[in-house]
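J.: Okay, here's the structure, questions in a sec.
The values are calculated or read from the model by the stated rules, or taken from the named source; none is laboratory data. Everything numeric in this text was worked out from a predicted model, so none of it was measured. Glycine gets a Cβ as well: all are built from the backbone with ideal geometry, and neighbour counts include every protein chain shown. The protein model used for the area step is the full one, side chains on, heavy atoms only, and it has no ligands, DNA or RNA in it. Shrake-Rupley method; radii C 1.70, N 1.55, O 1.52, S 1.80 Å.
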Amino acid sequence: MQNDIDFKQALCQHCYHLSPVSLDECPVCEEVLHQRKPNSYIRTLALSLSALFFFIPANIYPIMKTVSFIDYQNSTIMDGIFYFFEHGEFFVGTVIFMASVFVPVLKLVILFYLLLSVRNHSTWRRVQKKNLYKMIHVIGKWSMLDIFVIGLMITLVQFGELAEVTTGFAALSFATMVVLTIFATESFDTRLLWDKKEDV
Amino acid sequence: MIILLNNINLNVPNYFLVECKNVYLCVSDYLILVFTGIIYFMNEILCCQSCGLMMQDDVNAHRIKCPRCYTSVRKKSFPIEHDLGLSIAGLIVFFPAMTLPIISFKLGESVQHDTMLSALSYFYEDGYPLLSLLVFFTSVLAPFLQIIISLFMLTPLYEKRKPRFMKTYFKVLYHLQEWIMLDVYVIAILVSVIKLTATSDVLYGSGLIMFVLLSSFSFLLSRSFSPQKIWRAYHNAK
């Protein structure tokens, strides 16, 4: 069982063509060759820390403001979820909860756990860790659901005098967080889990 | 054979032996070269994308799994015709999906029709233009680029020609995969309809069917996206 580092080979991330490390560009697709994604650890750490930073205003500030001539209502992400549960829409409430609270938290927790195990050169259950990474790679985009719902609500409730829906500040920070976590997931390299201590 | 000649037929002239030996060596070298070439061609070395393990390729196997991390290193994928068909279907469906009304919303006597693009324009005027640009990119521009680039890239490859800007096409298509969120948008439409049915009547427009079709075509297109397949086709092309 030997890695590409032992054979001094580099795998092109774009076309999966194997070529010697001495080459600068992939001979097939002319992409710049790297044995591992460049600065993978520090880049992922920085991006997930800034995502964590944006997660706080996303939950504190109102994500949607509903203005009607009777009342004025600010609702945060959790308020919207409670609204569904109070009105008996358990399925939709669960979907929104999964998309806007559970998935981002899960993603950040898994990213930090992976970074920790790369840092400690842990060899415990690496295959399962790789599967966790694949999972957050697939489910990551589903946290954009709340932003899309707000965008649609603004359009659908366009009866100016009766009621109006506008975006809150939390929507912007939530979207920033989602984009940052997507970039963080892209910059992490699972091959770091299998690299030996002396290679790094 | 040379050993046999040397040992048994001692009365064979010396020069003949030398000749024979040379010829044999040449032939054997050639054969070894050919065989190693064939063996090298048949057992190309593969490298796992997720753990970096080096392994032997087996041409006869449809799919190869990494023995260490169980990632499928080579998957059985659909032929290029499949992708080309999907992208043509996507292009046909794209413009109706964007311009026909997706949902109609009725409150009292006034009826409001909302298309994909009008929804985005309302969102743009609401105060956070950056947010609406993000939604525009993930739900309109990225699927459109995916369909158009697949069409431009796969049509010459289907006719066994090499596309002119292959590297640019491939690079853009590769980086777009993460940003196509049409399937999320379909669920978002569903959620907002359920949210609004309590207060008013919501009618489905004809654009919704087109939109669901577009999202499923785009989903299937990104499912069958495989770099190995595209580059293999590029090398087989003239």
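J.: Pick from A:Ser48, A:Ser75, A:Ser22: which is of a type outside the set (Lys, Arg) and outside the structural domain of A:Phe183 (by TED's automatic domain parsing)?
T.: Numbers: A:Ser48 fails: outside the structural domain of A:Phe183 (by TED's automatic domain parsing); A:Ser75 fails: outside the structural domain of A:Phe183 (by TED's automatic domain parsing).
Only one candidate qualifies: A:Ser22.
J.: Return the pair list, or none, for Cβ contacts closer than 7 Å from residues in the range B:144-169 that are on the phi < 0 side of the Ramachandran plot to residues that are acidic (Asp, Glu), at least 6 apart or on different chains.
T.: If the second residue must be acidic (Asp, Glu), the pairs left are B:Ser150/B:Asp83; B:Leu154/B:Asp83; B:Tyr158/B:Glu81; B:Lys167/A:Glu30.
J.: Additional query: Evaluate the following for A:Leu49: is it open to solvent by 50 Å² or more (accessible area, probe 1.4 Å) and at pLDDT 85 or above?
T.: Details: open to solvent by 50 Å² or more (accessible area, probe 1.4 Å): yes; at pLDDT 85 or above: yes.
Judged against the criteria, A:Leu49 is a match.
J.: Going by the structure shown, is B:Ser222 polar (S, T, N, Q) and over 17 Å from the mean Cα position of the chain (by Cα)?
T.: Working: polar (S, T, N, Q): yes; over 17 Å from the mean Cα position of the chain (by Cα): no.
Answer is no for this residue.
J.: Please tell me if B:Glu178 is within 10 Å of chain A (Cβ to nearest Cβ) and free of Cβ contacts under 8 Å to residues at least 12 places away in the same chain.
T.: Working: within 10 Å of chain A (Cβ to nearest Cβ): yes; free of Cβ contacts under 8 Å to residues at least 12 places away in the same chain: yes.
It is true that B:Glu178 is within 10 Å of chain A (Cβ to nearest Cβ) and free of Cβ contacts under 8 Å to residues at least 12 places away in the same chain.
J.: In the range A:21-35, how many residues are more than 7 Å from chain B (Cβ to nearest Cβ) and either open to solvent by 60 Å² or more (accessible area, probe 1.4 Å) or in contact with a helix residue (DSSP H, G or I) (Cβ under 6 Å, 6 or more places away or on another chain) (or both)?
T.: Result for the range A:21-35: 8.
J.: Ok, one more. Can you report the number of residues in the range B:154-211 which are within 27 Å of the chain's Cα centre (by Cα) and of a type in the set (S, T, N, Q)? Outline the logic, then answer.
T.: Just the residues of the range B:154-211 that are within 27 Å of the chain's Cα centre (by Cα), to begin with: B:154-188, B:208-211.
Still in the running and of a type in the set (S, T, N, Q): B:155, B:168, B:177.
The qualifying residues number 3.
J.: For the range A:52-92, what are the residues that are open to solvent by 90 Å² or more (accessible area, probe 1.4 Å) and either more than 30 Å from A:Ser187 (Cα to Cα) or among the β-branched types (Val, Ile, Thr) (or both)? Steps first, please.
T.: First, pick out the residues of the range A:52-92 that are open to solvent by 90 Å² or more (accessible area, probe 1.4 Å): A:53, A:56, A:60-61, A:69-70, A:72-73, A:82, A:86-87, A:90-91.
Within the range A:52-92, A:Ile56, A:Ile60, A:Phe69, A:Ile70, A:Tyr72, A:Gln73, A:Phe82, A:Glu86, A:His87, A:Phe90, A:Phe91 qualify.
J.: Pick from B:Leu134, B:Leu141: which is within 17 Å of B:Ile180 (Cα to Cα) and more than 11 Å from chain A (Cβ to nearest Cβ)? Outline the logic, then answer.
T.: Details: B:Leu134 fails: more than 11 Å from chain A (Cβ to nearest Cβ).
Every option except B:Leu141 fails the conditions.
J.: Right, next: Here is a list of conditions, (1) touching a helix residue (DSSP H, G or I) at 6+ places or on another chain (Cβ under 9 Å); (2) closer than 18 Å to B:Asp83 by Cβ, and B:Val191 meets all of them except one; can you say which number that is?
T.: (2)
J.: Follow-up question, since we're still on this one. Tell me whether the range B:185-201 contains one or more residues that are at pLDDT 90 or above, assigned to a helix (DSSP H, G or I) and open to solvent by 30 Å² or more (accessible area, probe 1.4 Å).
T.: yes
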